[in-house]
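Below: the structure, in structure tokens.
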Amino acid sequence: MKGLKNFLMQGNLIVIAVGLVVALAFSTLIKVFTTAVILPIVNRAQGPHPIALGVQLGTAGNESTYINFGALISAIIYWIIFMVVIYFILVVPYRHIQGRRGVKVFGDPPPAKTCPYCLSDDLPVAATKCRYCGSEVEVPAA
């Protein structure tokens, strides 16, 4: 059981799982956007449509040319709720467990500075030379 626990607590595994969940939720949002907004613009076939929040592009009652904003808003709300649940069910407990182990995860990024020449903004604070353009950068006084 200890081996399984160590396997499940690997940082990469949790990060990949969270990434997969976010991707699946985003995929649902994209599917609804495509079905409710893009498809009616492309598909002007005849057919009845339900009354909902949206705009009719073609003949009244033609479901295939009805842009259904209600379905899109519903998918956005679903995505937000889903991300909040994933955060409180996976991320917060994982961060707490890893914090007890002495490992900081999902924290603030390390401090950085900007190169005055190429404007790269991800240089370490202690850097004396820009990793992108090679110019000398000022080291902050300690």
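A compact table of results
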read-out	value
Selection status of residue 139, assigned to a loop (DSSP other than H, G, I, E, B), over 30 Å from residue 8 (Cβ atoms) and in contact (Cβ under 8 Å) with a residue 12 or more places away in the chain	yes
Subset tally (residues that are touching a Lys or Arg at 6+ places or on another chain (Cβ under 7 Å) and among the acidic types (Asp, Glu)) for segment 113-142	1
Residue pairs meeting the criteria (Cβ under 9 Å; at least 6 apart or on separate chains; first free of Cβ contacts under 8 Å to residues at least 12 places away in the same chain and over 11 Å from residue 94 (Cβ atoms), in segment 1-13; second aliphatic (A, V, I, L, M) and surrounded by 10 or more Cβ atoms within 10 Å (Cβ to Cβ))	7/13
Checking residue 73 against (1) assigned to a helix (DSSP H, G or I); (2) within 20 Å of residue 19 (Cα to Cα), the condition it does not meet	(2)
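Results for (1) at pLDDT below 80; (2) assigned by TED's automatic domain parsing to the domain that holds residue 7; (3) hydrophobic (A, V, I, L, M, F, W, C), shown as yes or no for each residue.
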residue	(1), (2), (3)
47	yes, yes, no
83	no, yes, yes
92	no, yes, yes
120	no, no, no
132	no, no, no
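Residue-by-condition table, conditions (1) of a type in the set (Asp, Glu); (2) under 24 Å from residue 20 (Cβ atoms); (3) in the same structural domain as residue 9 (by TED's automatic domain parsing):
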position	(1), (2), (3)
57	no, no, yes
63	yes, no, yes
95	no, yes, yes
99	no, yes, yes
102	no, no, yes
124	no, no, no
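The values are calculated or read from the model by the stated rules, or taken from the named source; none is laboratory data. Note that the structure is a prediction, hence the values are computed from the model and not measured. In this analysis, Cβ positions are derived from the backbone assuming ideal geometry, glycine residues included, and neighbour counts consider all displayed protein chains.
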